[in-house]
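> Input: one structure, supplied below.
The values are calculated or read from the model by the stated rules, or taken from the named source; none is laboratory data. These numbers were taken from a predicted model, which means no experiment stands behind them. So basically every Cβ, Gly included, is an ideal-geometry build from the backbone, and we count neighbours across all protein chains shown.
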Amino acid sequence: MSKIDAGDAGDGAVPVRSGANREAVPRFVVDGMLGRLARWLRILGFDTVYIPPLAHALAEGYGAGLHGWRGRTLLTRNTALVRRWVPANCLLIECDRWDAQVRQVIHALDLEVSWQRCLTRCVRCNDLLEEVDPAVVRGIVPDYVFAVHVRFRCCPSCRRVYWPGTHRRGMLRGMERFLGPVVS
Ligand SMILES: [Zn+2]
């Protein structure tokens with residue numbers, strides 16, 4: 001039986017930024033040393049594989065190697081790795097700071113960032129969250145959370161439970177670091 005952990009999530013439907021010239025929503029593979037960037041891309045709802053460190057993993061023949069990730073945009077600080085990737089499908093991350101890195105990805109790839117997409121994925125596993133009946137999480141989430149929320153989502157892989165609002169302020173502050181003030 002899978003363990004279910006209590007987690008938290010923000011929610012809402014206020015658009016933060018709308019990009020132009022968008023086609024399909026990009027998916028990412030993020031190189032090692034960029035773990036915080038990977039985490040934030042997941043928080044923003046983007047399909048993000050994180051493999052630390054990618055260059056070493058490829059040298060070791062990890063998984064399917066490059067082929068399994070060719071459809072994803074590579075985010076790395078490794079110039080040698082960029083040369084091995086499809087040039088149009090990678091971005092060399094220039095900054096040390098995580099917020100500047102997120103900002104660079106958003107602007108360089110013209111990403112659409114919206115509250116509607118935020119926290120639709122498990123921050124740990126990258127899996128899409130699934131709606132669960134509140135009765136399922138009774139006794140798992142804190143009583144005060146169960147008392148005031150009617151909507152819960154669960155990660156199908158790690159069984160962590162998410163609910164709207166708990167860390168919304170903290171997440172807002174984080175997002176404002178690279179998106180500017182949010183109108184709500
Ligand atoms: Zn998970």
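> Assuming ILE140 fulfils every condition listed in (1) within 23 Å of VAL25 (Cα to Cα); (2) in contact (Cβ under 8 Å) with a residue 24 or more places away in the chain; (3) not assigned by TED's automatic domain parsing to the domain that holds VAL49 apart from one, which condition is it?
Going through the list (1) within 23 Å of VAL25 (Cα to Cα); (2) in contact (Cβ under 8 Å) with a residue 24 or more places away in the chain; (3) not assigned by TED's automatic domain parsing to the domain that holds VAL49, ILE140 breaks only (1).
Listed here are the residues, each with its yes/no results for (1) assigned to a loop (DSSP other than H, G, I, E, B); (2) over 18 Å from ALA24 (Cα atoms).
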site: ALA100; (1), (2): no, yes
site: ILE106; (1), (2): no, no
site: LEU111; (1), (2): yes, no
site: CYS118; (1), (2): yes, no
site: ARG124; (1), (2): yes, yes
site: GLU131; (1), (2): no, yes
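> Restricting to region 120-133, give me the number of residues that are over 11 Å from ARG39 (Cα atoms) and either in contact with a strand residue (DSSP E or B) (Cβ under 7 Å, 6 or more places away or on another chain) or within 15 Å of the ligand (Cβ to nearest atom) (or both).
Count: 7.
> Kindly provide the set of residues from region 134-161 that are outside any loop (DSSP other than H, G, I, E, B), out of contact with any Leu (no Cβ under 6 Å at 6 or more places or on another chain) and either of a type in the set (S, T, N, Q) or within 15 Å of the ligand (Cβ to nearest atom) (or both), ordered by number.
Selection gives VAL137, PHE152, CYS154, VAL161.
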